Structures are given as structure tokens and as C-alpha cells.
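See below for the structure under consideration.
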Amino acid sequence: MLQTTVNTLPERDLAVIWHPYTQMQTAPAPIGIVRGEGACLYDEQDNAYIDATSSWWVNIHGHAHPYMAQQLAAQALQLQHCIFAGYTHPPAVNLAERLLQILPDNQARVFYSDNGSTAVEVALKMALQYWDNKGQRKHKLLAFKNAYHGDTFGAMSVSGRSVFTRVFEDLLFEVHFLDVPSPENITQIIADIAAQDPEQVAAFIFEPLLQGSGGMIMYDATAFDQLLQYCRSKDILLIADEVMTGFGRTGKNFAMENIRTQPDMICLSKGLTGGSMALGVTTSTAAIYDAFLSADKLKTLFHGHSFTANPLACTMALASLDLFIKPECGEQRQRIQIRHQHFLDELQQQPSVKNPRLLGTILAFEVTTNNADGYTNNLADHLHRFFKSRRIMLRPLGNTLYILPPYCITDEQLDAVYDSIRQMLAELKEIV
Ligand code: PMP
């Protein structure tokens with residue numbers, strides 16, 4: 001029952017809301033955010049918080065961007081939603097055309113859904129049904145250890161077994177997990193796949209070059225390409241989950257641009273709408289699409305969502321693309337990378353910093369603690385609290401701390417983030 005005495009936003013929230021990934025019994029009250037501008041979010045007292053992790057890695061051009069808001073308002077007066085089977089609309093078609101222009105040139109078709117997990121579910125279903133439609137039953141899948149592809153059941157199945165999947169393990173389908181490749185282990189990984197009867201493997205799903213939720217793990221592009229080439233030689237479909245790496249995070253527009261082998265399918269979300277609205281995309285090659293064309297209705301891809309290709313979300317993706325392709329956006333990313341590089345050099349001298357690393361606009365490192373590395377390392381709570389009190393939004397993954405800012409973050413704001421990390425490292429003994 002609603003209490004009548006509560007009045008602040010956090011108090012009202014605590015009375016009615018169940019937050020994601022949050023132990024509601026012990027978590028501190030949430031901070032009420034009432035507006036955003038550029039790289040900052042503002043609380044009820046108008047205190048600015050620097051969004052140093054882009055609100056779960058989604059925001060790229062800044063919050064409440066005026067151009068995006070104008071485009072959204074105009075579209076809202078035109079068409080807000082429309083069934084997407086048997087009907088279509090300009091934002092969906094325009095977006096598909098424009099995405100295919102910037103994605104690897106073997107991508108030919110765009111399938112819409114509404115978040116990263118659904119983009120992954122669609123790719124998995126496409127891969128499994130592709131083989132079924134061709135009269136070959138292949139049900140084995142490959143994925144990386146430590147992978148994270150989402151929280152729905154298919155996406156959980158291809159994610160590394162972890163605290164996220166523990167309770168549901170018996171219910172997840174079987175996947176063969178590989179180590180991420182390096183020049184040292186690539187021969188062994190290929191031998192490992194060869195021992196799995198590769199002709200039975202339908203697809204390999206991966207986060208290209210960077211495993212996000214697994215702990216911002218960065219891995220070798222050349223060995224990765226060797227692995228993909230081997231899989232291709234065995235007709236294993238390649239699914240690039242670019243939900244996190246897409247739209248410039250790793251420097252290039254898409255992480256797969258760093259690799260010679262092209263994927264068969266690509267999953268997109270997060271930065272797709274500049275982080276403003278929920279939208280998922282799964283793209284495929286013409287060969288995959290063609291395998292679903294038939295007079296036989298059973299070969300149809302029976303998948304869809306009420307909000308598939310929502311016109312407002314597609315409009316925000318188009319507006320975000322307008323900003324993304326401007327030279328300024330590339331310059332912003334380069335500036336962040338250069339500044340991160342200087343900070344990385346400094347971190348390398350810090351005794352309590354382990355494995356500092358950098359890819360594009362993402363800087364990550366482990367904070368040395370007495371406990372094991374990983375998501376449940378309770379240093380995360382201490383660090384989160386420390387940064388929150390300094391109005392810096394940094395949310396470590398266990399003892400892995402990372403900066404993943406909106407591209408519009410200013411030099412001064414980046415300096416404030418670096419300074420807060422310097423201070424954290426200096427006070428580490430007191431914080432823990
Ligand atoms: N794939 C990757 C690589 C991700 O990082 C995430 C989310 N962190 C997802 C899929 C799932 O996306 P969503 O949270 O939108 O379901």
C-alpha cells in the first residue's frame with residue numbers, strides 16, 4: 001500500500017520501486033535525477049553529476065540533446081507507433097538504409113527489436129533457424145568465457161556462467177565456452193573447437209575485442225581474426241554483438257572494422273539511439289535472409305515485439321546518426337583517447353593499479369585488493385559510494401574501474417574524473 005507520509009523522490013521510489021541489479025535491503029537510497037545536459041545529470045537540488053560511464057554505456061552525444069529533442073517532438077506529432085508487420089514507415093526504412101551504409105558491406109538486412117538482449121535473441125534464432133531451413137539440424141553454439149550478452153534466457157545461455165546466471169543454470173541451453181584469444185593460446189583454442197565436432201556448430205557469438213560486463217576485458221585483434229577465419233572455414237555463423245562496442249566506443253565506428261573477417265550477423269542497441277530510447281537491431285547477410293525465403297510458411301522467422309521499429313526510437317537513432325557522422329564526433333573521440341592515454345601512463349606508475357588498459361574511448365584497470373578479482377568483489381560498493389559523494393558517476397564492475405564517457409564530455413569534466421580517481425587511489429586504505 002502507498003504510504004502517505006513519504007515525500008522526497010528517493011523516499012517515494014523506495015516505497016514502490018524494485019531496481020535492477022540491486023539488493024534492495026542494503027542498497028542506499030537512489031539519487032533522484034531530474035534533468036540532464038551534456039555529460040552531466042542533475043539532482044533535485046541541481047547538483048551536477050558527471051556521467052562518466054554514459055548511463056550504462058548508452059549515451060554518446062550528451063543528455064537532453066536539443067537537436068535530438070526537436071527531432072523527437074516533430075516525429076511525435078507525425079506518427080508515434082504503428083504495427084510493423086504488413087505496414088512500414090519512413091523512420092524505419094530511412095534508418096535501415098543509413099545503417100547499412102555504415103556497417104560492414106556484407107550486411108544486407110535490418111531486423112528491429114527493442115533492446116540489446118532481444119537483438120541477441122533474434123540473432124541466435126536466425127542462426128539456428130538458418131540451418132533448420134536448409135535442412136541441417138545444428139544446435140551447438142560457441143561463446144567466450146566471461147561473455148555477457150544480456151539477461152533473457154537465450155542471451156543468458158550464451159553468456160559466461162556467473163552470478164547473473166547462477167540460479168538458472170539448469171535451464172540454459174548448452175554452449176561450448178572458449179578462452180578469449182591471444183597469440184599464445186590461439187592454436188589451442190582452434191584445437192578445442194576442432195574437438196567439438198565443428199560441423200555441428202550453428203554459430204559463434206562474441207563481443208568483438210572488448211568484453212564489457214565480464215570486466216572490460218580487451219583481447220588481441222590478430223588472434224581473434226585467426227579464430228574467426230577458422231570458424232568461417234567450418235561454416236560456423238559469426239554473430240558480432242556490438243551492443244556495447246558499436247557507434248565509436250572502440251575508436252572505429254564498429255569494433256569489427258578492426259578485423260578482416262566480416263560477421264554474418266551484427267547486434268546493435270545502446271548507442272544506436274544516442275542512448276535516448278530503447279531500440280535493438282539485428283542485421284544479417286543476404287545469404288542468411290535468403291534462407292528464410294520460401295513458399296513454405298514454416299520457414300518464416302516467427303519473431304517480433306509490440307514495439308518493433310517504434311517510429312520515435314528510429315527517429316532518435318536517425319538524429320543520433322546525424323550527429324555521429326559529423327567530423328566533430330570523430331574529433332571528440334580522438335581527444336578522449338589522447339587524454340585517456342596520458343592518464344593511463346600515469347596509472348601505470350600506481351602500485352595499487354593492475355593491468356591498466358585502453359581501447360578507443362574506454363579506459364579500464366583493476367584496483368588491487370586482498371579479495372579475488374571479479375564482479376562480487378565488495379570493493380565496488382565502497383568505490384561507488386566514494387565517487388558518488390564526489391558527484392562522479394563511476395560504477396565499478398567488482399574491482400574493475402573504468403571510464404566510458406559520452407563523447408561530448410569536456411576536458412574539464414574529464415580532468416574532474418581523473419582527479420577523483422587519483423584521490424581514490426591516494427585514500428584507498430581509508431575507503432576500504
Ligand atoms: N550485449 C552486450 C555486449 C551488452 O553489453 C549488453 C548490456 N550491457 C547486452 C547485450 C544487453 O543489452 P540490454 O541491457 O539492452 O538488454
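Looking at segment 84-143, which chymotrypsin sites (Phe, Trp or Tyr not before Pro) are DSSP coil and have at most 13 other C-beta atoms within 10 Å of their C-beta?
87
Of 408, 86, 314, which is farthest along the charge dipole of the chain in the positive direction, counting Lys and Arg as +1 and Asp and Glu as -1 at C-beta?
Of 408, 86, 314, it is 86.
How far apart, in nm, are the 7 Å Cα→Cβ label points at residue 167 and residue 108?
4.3 nm
For the charge dipole of the chain, defined by +1 on Lys and Arg C-beta atoms and -1 on Asp and Glu C-beta atoms about the Cα centroid, which residue among 59, 168, 397 has the Cα displaced farthest towards the positive pole?
168
So for 303, 65, fewest C-beta neighbours within 10 Å to most, what's the order?
Least crowded to most crowded, the residues run 303, 65.
May I ask which residue of 226, 181, 431 lies farthest towards the positive end of the charge dipole of the chain, with charges of +1 (Lys, Arg) and -1 (Asp, Glu) on Cβ and the Cα centre as origin?
Checked the options; the winner is 226.
Per 0.36 nm of contour for each residue apart, how much would the distance between residue 298 and residue 43 grow if the chain were fully extended, relative to their Cα-Cα spacing?
Value of the extension gain: 86.6 nm.
As an exercise, use a Förster radius of 60 Å and the Cβ-Cβ distance of residue 290 and residue 430 to find the FRET efficiency, rounded to the nearest 0.05.
Here the calculated transfer efficiency is 0.45.
Which value, in debye to the nearest 20, gives the size of the charge dipole of segment 69-324 about its Cα centre, when Lys and Arg are +1 and Asp and Glu are -1 at the Cβ?
The calculation lands at about 360 debye.
Given springs between every Cα pair under 10 Å in a Gaussian network model of the chain, which of 382, 19, 342 has the largest fluctuation?
19
In debye, nearest 20, what is the charge dipole magnitude of the chain about its Cα centre with +1 on Lys and Arg Cβ and -1 on Asp and Glu Cβ, if you could check?
Taking the Cα centre of the chain as origin, the dipole is about 440 debye.
Which value, in Å to one decimal place, does the Kirkwood hydrodynamic radius take for segment 293-372 when every pair of different Cα atoms is included?
Result for segment 293-372, one decimal place: 17.3 Å.
If R₀ is 56 angstrom, what is the calculated FRET efficiency for the pair residue 100 and residue 370, using the beta carbon separation as r and rounding to 0.05?
Approximately 0.65, to the nearest 0.05.
Just list whichever of 354/388; 125/297; 145/270; 234/270; 234/299; 134/234 have alpha carbons separated by over 20 Å in the model shown.
Where the Cα-Cα span goes over 20 Å, the pairs concerned are 354/388; 145/270; 234/270; 234/299.
Only four residue types carry charge here, +1 at the Cβ of Lys and Arg and -1 at the Cβ of Asp and Glu. Report the dipole size of segment 245-297 about the Cα centre in Debye, rounded to the nearest 20.
With Lys and Arg at +1 and Asp and Glu at -1, about 280 debye.
Give, in nm to one decimal, the length gained when the segment between residue 25 and residue 235 is fully stretched (0.36 nm per residue of separation minus the Cα-Cα distance).
My answer for the length gained is 70.7 nm.
Could you list the GluC sites (Glu not before Pro) in segment 94-180 that lie in coil according to DSSP, counting only those with at most 13 other Cβ atoms within 10 Å of their Cβ?
174
Among 397, 279, 298, which one moves the most in a GNM of the chain with springs linking Cα atoms closer than 10 Å?
298
If the elastic network links every pair of Cα atoms under 10 Å, which of 78, 200, 107 fluctuates the most in the Gaussian network model of the chain?
Between 78, 200, 107, it is 78 that shows the largest mean-square fluctuation.
Give the residues of segment 207-248 whose amide nitrogen is closer than 16 Å to a point set 7 Å from the Cα of residue 355 in the direction of its Cβ.
Inside the label zone: 209-221.
In nm, give the distance between the simple-model label positions of residue 12 and residue 341, each being 7 Å from the Cα along the Cα-to-Cβ direction.
Taking the two extended label points, one gets 4.9 nm.
Say each of residue 136 and residue 73 gets a label point 7 Å from the Cα, pointing the same way as Cα to Cβ; how far apart are those two points in nm?
Simple spin-label model gives 5.4 nm for this pair.
Any idea how far the Cα center of segment 164-209 sits from the one of segment 298-322, in Å?
30 Å
Can you tell me the relative contact order of the chain? Whole percent, Cα pairs under 8 Å, sequence separation 6 or more.
21 percent
All of the numbers you see were taken from the coordinates with simple rules; none came from a lab. Since we're looking at a predicted model, the values are computed, not measured. Ideal geometry is used to build each Cβ from the backbone, glycine not excepted, and the neighbour counts take in all protein chains shown.
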